[in-house]
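The structure appears below as structure tokens.
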Amino acid sequence: MKINRIDHISIAVRNLDEARRAWEPVLGKSAPDDLYVDEAEKIRVARYYLGEVGFELMESIAPEGEVAKFIERRGEGVMLVSLNVDDTRRAMQELKGAGYGFAGGARPFRGGEYAFVHPKALNSVLLELIDKQ
């Protein structure tokens, strides 16, 4: 599996507006480079680009969302690391062949796909593979 770069790092937060006020001065930004809601994942996201790497603050928009569950179990903090790959499905196939489990299958996002390697396989870190350019 060819890894092109770290795509983004995501921080689970309880309140996106409060988190933005804390993080934007540190990041040297006055606003996110990309602010969006992902209904399927039940999140509201503020993404900042630091070079080629995205830094995301994610707030759950539903109590049953994965971000809300993460915060309930572990508190706010780093939730996932995302690696950019050429082809998510091919990378999944390769990792499955090596014994890695996945949390669900490939999911669409902005003309590409992403998938989550189960955190039990990687020291409790949720790893995302994403092939968007």
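The values are calculated or read from the model by the stated rules, or taken from the named source; none is laboratory data. This is a predicted model, so every value here is computed, not measured. Methodologically, a virtual Cβ is constructed for each residue, glycine included, from the backbone with ideal geometry; neighbour enumeration extends over all protein chains shown.
Structure data summary
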item: Criterion violated by Tyr36 - all others in (1) hydroxyl-bearing (Ser, Thr, Tyr); (2) assigned to a strand (DSSP E or B); (3) touching a helix residue (DSSP H, G or I) at 6+ places or on another chain (Cβ under 8 Å); (4) surrounded by fewer than 18 Cβ atoms within 10 Å (Cβ to Cβ) satisfied; result: (3)
item: Any hit, the range 13-29, residues being among the hydrophobic types (A, V, I, L, M, F, W, C), free of Cβ contacts under 8 Å to residues at least 60 places away in the same chain and closer than 18 Å to Ile130 by Cβ; result: no
item: Yes/no for Tyr48 being in a strand (DSSP E or B) and either farther than 26 Å from Leu27 by Cα or within 16 Å of the chain's Cα centre (by Cα) (or both); result: yes
item: Filter result for the condition that a residue is more than 15 Å from the chain's Cα centre (by Cα) and under 29 Å from Gln93 (Cα atoms), over Lys2, Lys29, Lys69; result: Lys2
item: Wholly within the range 64-132, strands (runs of 3 or more DSSP E) carrying at least 2 residues that are more than 16 Å from Glu41 (Cβ to Cβ); result: 77-85
item: Checking Ser60 against (1) over 13 Å from Arg14 (Cα atoms); (2) among the polar types (S, T, N, Q); (3) crowded, with 16+ Cβ neighbours inside 10 Å, the condition it does not meet; result: (1)
item: Residue in the range 14-32 that is within 22 Å of Val117 (Cα to Cα) and surrounded by fewer than 19 Cβ atoms within 10 Å (Cβ to Cβ) present; result: no
item: The range 82-133, residues that are at pLDDT 95 or above, among the β-branched types (Val, Ile, Thr) and more than 18 Å from Asp34 (Cβ to Cβ); result: Val85, Thr88, Val117
